[in-house]
Each structure stands twice: as structure tokens, then as C-alpha cells.
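Undergrad: Provided herewith is a single structure, encoded as C-alpha cells, for subsequent inquiry.
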Amino acid sequence: MPAMRANRWGILQIVNMGTLISTLDVGIVNVSLPRMAEQFSVSLAQIQWVATVYLLTMVALLPFMGKLSDRLERRTVYSWGFFVFGAGSLAIAVSQGFAALLMARCLQGVGATMIMANSQAMVRMVFPDHERGRALGVNAIVISAGTLAGPALGGLLLAFVDWPMLFWINVPISLAACLLGMRWFPRGKSDAAKSKFDFVGTLLLAAGACLLMMAAESAKEQSSFSMEAAIEGIVGAALLVALWLQGRRIDYGIIDRELFRRRQVWLGNASSFLINVAQMATLIPVTFYLQSQLGYSAWAAGALLMLQPLAMGVVAPFAGWFRDKYGGSSPIAAGALLCAVSMLVVALQPSVTAAGIGVQLALFGVGTGLFQATNNAEIMSAAPEAKSSLASSLLALVRYLGQIAGIGLATLFVGSMGATGQSADESFGAPIRILFGLCFLLCLAVALAGRIVPKDRPESKAASG
């Protein structure tokens, strides 16, 4: 245990490697999709499944992998996750057909799930409570760097190499992380009680999430909610309700009842869901408006959008330090309140300008910088050690479900933006203000809920694990 504590910052760097390759990969894949579509002779709508199937794999398997990791040695599951991710990247790079590409992308998603289900749990295991905020603040910098660098790095590399090389890069990084993880990560079996796996709940979650994501993709492609998208969304939501009912009926469900009896866990996850809904629901129309209405190039729009992750990366370490010293209630509430105020910058403007959008993005970035690392640290500290991998996986799951819901919300309100025959004011006037106004209410609800987060300071004791 003393050696583990001495190496905790080195262990954090391995965790950061997993975060970096997963965030970089999303941006790199998105910029390489047109090249892939050309090589495999498929439409752009079809090639989007390269991105979608990766997210679906993670959403479907995250709770299952979290429960599995709590029963096995986390060190083994986490380290081998890097190996599986690297193997998937290798398979993508050498794929000779579109079906093989999708299967390889699923394999890569399995590896990413093994990593993400345990990343926050590894931080909890090796860092005492009074240092977790700082550790997760550093991790937030890596998230910001990966988000910023992914599209730019992918675009730069594609100017000199073909798209398979973008996946070859993951192979040596993943192998190195796997070997370092097996060497540095703490050993030891989990103390979690052996219970049945909720296979029915896993299938309900997978099917429900798949239908919701298909509904969001259909609506995004058609720029409005079609009957097909509506049916997919309703059935998907019904399956998630069935998942909740299934969890109430058994004591080993993937939506763990013991975990969600803890106020900081359920309140923190609900708050994270709402913040992610607001973030995705407002990013999509802003990105479209900058290019279609204000005439910004894709590069210029991307540069302005960088304000959000850049502000988040600057603020997150301070928020983590503050939480470790004084508790998490204040930065959680202040961060959500700043996110809410940022929505008013657009909702109350007489006309939407690039300057106003820039202010909104920066304010929201500062808000999420205060909120995210602090909220994650509070959730992980409140979760029992024996279920920390499940808590970590649910954090990631909630983030992705929030993003899916945000896409649907954006399409519902501004899906017809830029339609032929509509002026900028007609397509971006009242609907966008209603959307930003609704997101203001979501963020304000999180800010008010943050006031009931316990104000206790983190305990200055050794990490458990």
C-alpha cells in the first residue's frame, strides 16, 4: 500500500494515457470518415456507423463491465483493456471491407469500455479523498487536450498519410500502457460480494440505447423528427423504463439500488446527465449557425468552439484543489450557475453574433471546469470501494446518454435550421432562444441541487483499496 501511494501520480499518468487515446480517437475518426467512405465505396450516412457503433458498444457494455471489474482484479481488466483497444485499432488499420471495419470498431469499443469502466475507480483506489479532486482535475486537462487536438491532429496527419496510419498510432501506445499498467497498478482482489449478472438488464439497456441513438441519428440526417425517428425514440425510452422496473424487482440489477440510495451518487449522476444534455443540445446548433449563417469556414468555427474545452482545462485543476481543501458543494453549484448564465447570453440577445457565441462557449467551459472534476470526485468518494468500478462505468454511461438526449433535443427545436426559404432569423430566432432558455432551466436546476450536496471537507486519510 505505501508503494502504491508513492506511485499514485505515475499511475495517474497511465490513466491519463487511456483518457487521451479515447478522446483523441473520437476526433481523429470523425475527420477521417470521408476518406473511409471513399475507400469502401459507401455513403456518408453509412460510414457514420463507424462512429455510432463505437459509442453503442460502450453504452451497452459499460455497466456490465463495471460489475465484472468489481468482481475481478481491476488491474487486470483495466490493463487488458488497453491491449484490446490496440488490437481493435490494428484490425481497423488492416480492414479490407466495410463489415470487417465495423467489427473491428466494435472490438476497439470493447477495449475502450474496459478502460473507461475503471479509470475513475483506479483514481479512487490510489488517491486519498483529500487528493482526488486534484487528480481528476489533471485528468480533465487531458480530456480537454484530447478534445482540442483530435480533429486538428487528424486533419494534419491526413495531409501526409492515409487514414489507416491514424489507427496504427494507437497500437504502440496501447501496448505500452498495458505493460505499464500490469507493472504499476495495485494488485488485489475486490471485496465485492459475488452476485448474479443482470443479463436481462444489460440487453434492455443495449436495445434501448441503440434505438435512442438511431432516433437521434435519423433526426439529425433528416433535420427534423420523422415518424420513424419518433417510433425509435419512444420504443427506446420504453425499454429504459423497463430496465428501471427490472432493477426494482431484483437486487443485482445493473442500475444498482444500493449505489443509488446514496444521495451524492444519484444526485451527482442526475446533475451530470442534465449538464451533458445542455452542452450537446447547444453545441450542435451553434456549430451549424457559425458556418451556414455567419459564413465561417470549418476551421474558423472549430477554432471558436475550442474556447469551451480550453476554458474547462484551465479551470478544472483549480476546482479540484478547492474541492480537496474546502469540499465540493461550492464549485458544483457555482459551475452549474455559470453554465446557466452562459445560456442567457444567447437566449436574451437581440441578434446572435460570433462574439456572443464566443462568450457563451467560454462561460460554459469555465462552468463545466468547476463542475465536472468536482462532481466526479464527490460521486466516486461516496460510492463504496467494492462497487467503485460500477460507479465509474455509470458516470461514463450517464455522460453518453446525456449527449444522445442533447442531440434529440437540438433536433426537436432547431432541426429545420437553414432550410430553404427561411431567413436566419426564422430558423435561428425563436426556436434557438427557446432551446437555450430550456437549457438555462436545466443548468439552473443543477445549481440549485448543488446546494444540497454535503459541505463536509474530504477526509485526510490514505486511499482505500
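Read-outs throughout are calculated quantities, based only on the coordinates presented, and are distinct from any laboratory measurement. All of these numbers come straight from a predicted model, not from anything done at the bench. Positions of Cβ are generated from backbone atoms using ideal geometry, with glycine treated the same way; all protein chains shown enter the neighbour counts.
Undergrad: Under a point spin-label approximation (7 Å from Cα along Cα-to-Cβ), what is the Glu38-Leu72 distance to one decimal in nm?
TA: 4.1
Undergrad: Using a 10 Å cut-off on Cβ atoms, rank the peptides 32-43, 102-113 from the highest mean neighbour count down.
TA: So the order, starting with the most tightly packed, is 102-113, 32-43.
Undergrad: Sticking with this structure for a sec: For a quick protection proxy, order the peptides 173-183, 381-391 by their average other-Cβ count within 10 Å, most packed first.
TA: 381-391, 173-183
Undergrad: Among (1) 32, 27, 22; (2) 70, 25, 22; (3) 41, 31, 22, which one is semi-axes √(5λ) of the Cα gyration tensor in Å computed from these coordinates?
TA: Of the listed options (1) 32, 27, 22; (2) 70, 25, 22; (3) 41, 31, 22, (1) comes from this structure.
Undergrad: Now, a different point. When all alpha-carbon pairs of segment 199-249 are counted, what percent fall beyond 14 Å?
TA: Roughly 49 percent, once rounded to a whole number.
Undergrad: Would you mind computing, in nm to one decimal, how far apart the modelled labels at Phe197 and Met227 are, each placed 7 Å from Cα along Cα→Cβ?
TA: Result for the modelled spin labels: 4.0 nm.
Undergrad: Any idea how far the Cα center of segment 109-169 sits from the one of segment 201-219, in Å?
TA: Each part reduced to its Cα centre gives a spacing of 25 Å.
Undergrad: If you consider only alpha-carbon coordinates, what radius of gyration and Dmax does segment 219-323 have, in Å?
TA: 19.5, 55
Undergrad: Determine the distance separating the Cα centre of segment 16-51 from the Cα centre of segment 270-322; give it in Å without decimals.
TA: 20
Undergrad: When the gyration tensor of segment 56-137 is built from Cα positions, what are the square roots of 5 times its three eigenvalues, in whole Å, from largest to smallest?
TA: 29, 13, 11
Undergrad: What is the calculated FRET efficiency for Ala303 to Met103, with r their C-beta to C-beta distance and R₀ = 45 Å, to the nearest 0.05?
TA: In this case the efficiency is close to 0.80.
Undergrad: Using the scaling law 2.2 N^0.38 Å as the reference, what is the normalised Cα Rg of segment 279-413?
TA: 1.16
Undergrad: Using alpha-carbon pairs under 8 Å, 6+ residues apart, how would you state the relative contact order of the chain in percent?
TA: Result for the chain is 25 percent.
Undergrad: While we're here: If every alpha-carbon in segment 289-362 counts as one equal scatterer, what log10 I(q)/I(0) does Debye give at q = 0.12, 0.15, 0.23 1/Å?
TA: Taken in order of the listed q values, log10 I(q)/I(0) reads -0.43, -0.62, -1.04.
Undergrad: List the residues of segment 368-404 whose backbone N lies under 20 Å from a point placed 7 Å from the Cα of Val235 along the Cα-to-Cβ direction.
TA: Answer for segment 368-404: 404.
Undergrad: Given the convex hull of the Cα atoms of segment 34-89, what is a quarter of its surface area in nm²?
TA: 4.6
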